[in-house]
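Here is the structure we will look at.
The values are calculated or read from the model by the stated rules, or taken from the named source; none is laboratory data. Given the structure is predicted, the values throughout are model-derived calculations rather than measurements. Glycine gets a Cβ as well: all are built from the backbone with ideal geometry, and neighbour counts include every protein chain shown. What goes into the accessible areas is simple: the full protein's heavy atoms, side chains included, and nothing from ligands, DNA or RNA. Shrake-Rupley method; radii C 1.70, N 1.55, O 1.52, S 1.80 Å.
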Amino acid sequence: MFGDLEQFGASEGGGEGMSEAAMEAFREQMRSASQQIKQLQKGEQKRKKKEEKLAKLLSQFLQRKSGRGDLAFLAAHVLALNISPAFVLAILLLGDRESQQDLTMAAKEDDKGLEVEVMATETIQNITLDEDELALLRTEDSILSQQIIDEVLIWIEMMYIQARNDQMRIIKNSYDENQQMHAAISDYMSAVIRHFTTDNGMVLPPENVDILAQNILRKIFSNLQDNMEKIQQLRNQEFDSLPPGSDEDPNALPS
């Protein structure tokens, strides 16, 4: 796609007027740039393959859930927003601890450099629900309520891990031009919560489910935004410490 950058400068008399030392330095820069582009291309190909695999896995999970056409419809709408398939799949896995663990382990193996940087700048390690939010999940059956709450809290942390690995993309694509969260995302999460609680013998008022879904998403996205701002501050500090004449861009957030 980009061709061989090492050949650039060697054609059309590109070396005229340059000393041998300057030409060698130029060639070294071209070799370095060529290697970086090849690494980026390789990383992009790897990401696409991973997302194709995740989309297929998401489809398989939806097929297992008979009579859940609403989930398939909503998941398709969320994916159409260019939201990470890993995050879309994570939402679906409420109550499935084995699959949650597998997805989390896969996330920790990927993008280790980003993981270290994000963890180093994070101030909030856990996303929790306050008493008012927990009350949305409580019924007269206190034992069942606590079981549901435990599953939801584990689910939230697992979703956050997935979102954190692709935070710029998720934040960018989850809001419309008026900075309002796309309804498809909260509707999808509401549907997942509703099916999970109903399957476990708990019937909640629809408004409880909707409020809880919106609050969870806001907390996840708020943490992601904080992470990106802290990473930006860290990179600005690093840029300020660079020697004069450096071409590094301090405004480049993680992709």
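Filtering the range 127-164 to residues that are among the aliphatic types (A, V, I, L, M), open to solvent by 10 Å² or more (accessible area, probe 1.4 Å) and part of a loop (DSSP other than H, G, I, E, B) leaves Ile127, Leu129, Leu136. Kindly check whether there is at least one residue in the range 128-135 that is at pLDDT 90 or above and touching a Ser or Thr at 6+ places or on another chain (Cβ under 8 Å). Among the residues of the range 128-135, not one is at pLDDT 90 or above and touching a Ser or Thr at 6+ places or on another chain (Cβ under 8 Å), which makes the answer no. Against the test of being assigned to a helix (DSSP H, G or I), modelled with pLDDT under 70 and open to solvent by 90 Å² or more (accessible area, probe 1.4 Å), the options Leu54, Leu40, Leu114 yield a single qualifying residue, Leu40. Test Asp199 against the criterion of being modelled with pLDDT under 95 and open to solvent by 10 Å² or more (accessible area, probe 1.4 Å), and give yes or no. Yes, satisfied. Looking at Ala213, Ala252, just one residue is of a type outside the set (Ser, Thr, Tyr), under 23 Å from the mean Cα position of the chain (by Cα) and modelled with pLDDT under 65, and that residue is Ala252.
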